[in-house]
Structure formats: C-alpha cells, structure tokens
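Heads up: the structure comes next, in structure tokens.
None of the figures in this text is laboratory data; all of them are computed from the coordinates on show. Since we're looking at a predicted model, the values are computed, not measured.
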Amino acid sequence: MNVTLAVLGLSGGELMVVVIGVLIMFGSKKIPDFAKGLGQGIKEFKKASREVTDEIQNAAEQPPSPSPNRQPAPTLSAQSQVEREWQRKQGTEAPPSAPVNPPSTVPKT
C-alpha cells in the first residue's frame, strides 16, 4: 500500500525529492529566514484584515451623526445677479433703470 501525502498530491518519495532540491538551492541557513519572513507577512496580513473588519463593524454599529441645522443661503434673483455682475464690470453702482440685458453691439446688416 502506497501512502500518499495530502500536500499537492505528492507521494512520500516525490516530497523528499522536492525538500532535498530546496535545501540544495537555498542552503540550510536561508530556509529559516524565508520561513520567518513568510510568517511575519502572514501575521501582518491577518492583522490588517482584522482591523478593516473591526472598523467596518464599528461603523455599522454607530448611529449616524445628526447633521447641523443649516439655513439655506439666500439666493439672488436673476436680475439682481445681472445687476451685480454689471456693477462689478463697470466699477460703479448700477442705475435703478439699468437694462437687464445690455443692447448687443453687433451691427445690423
């Protein structure tokens, strides 16, 4: 009976060949460093994932903050806006009978 390991469907002999190949390629001193780095990376990933999950849960549990009661800004009528624009361009106050739309300067043909 052949015992098969559940690691990627490799049998015992094939797994030993892979382990020996890794030892030859990286050396016995580098493998613990790789494993340590891999472990720290997994730890950081789990920590970040847990923080994001906690933040989402906290945001869902908090009631929405009430918005301050603001009065809408007063709006100017179209004519008032035109008069203010005309005053700004002229640098003077608009006469009370100023036209809303100044006459066009296009010559008639």
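Using alpha carbon coordinates only, what is the Rg to Rh ratio of segment 5-55, with Rh defined as the Kirkwood radius?
Values: Rg = 16.1 Å, Rh = 13.4 Å.
Reported Rg/Rh, Kirkwood definition of Rh: 1.20.
List the aspartates and glutamates whose alpha-carbon lies under 13 Å from that of LYS47, not counting same-chain residues fewer than 8 positions away?
Hits, sequence-local ones excluded: GLU55.
Report, ordered by chain and residue number, the aspartates and glutamates lying within cross-link reach of LYS36, taken as a straight Cα distance under 18 Å and ignoring same-chain residues fewer than 8 apart.
The qualifying aspartates and glutamates are GLU44.
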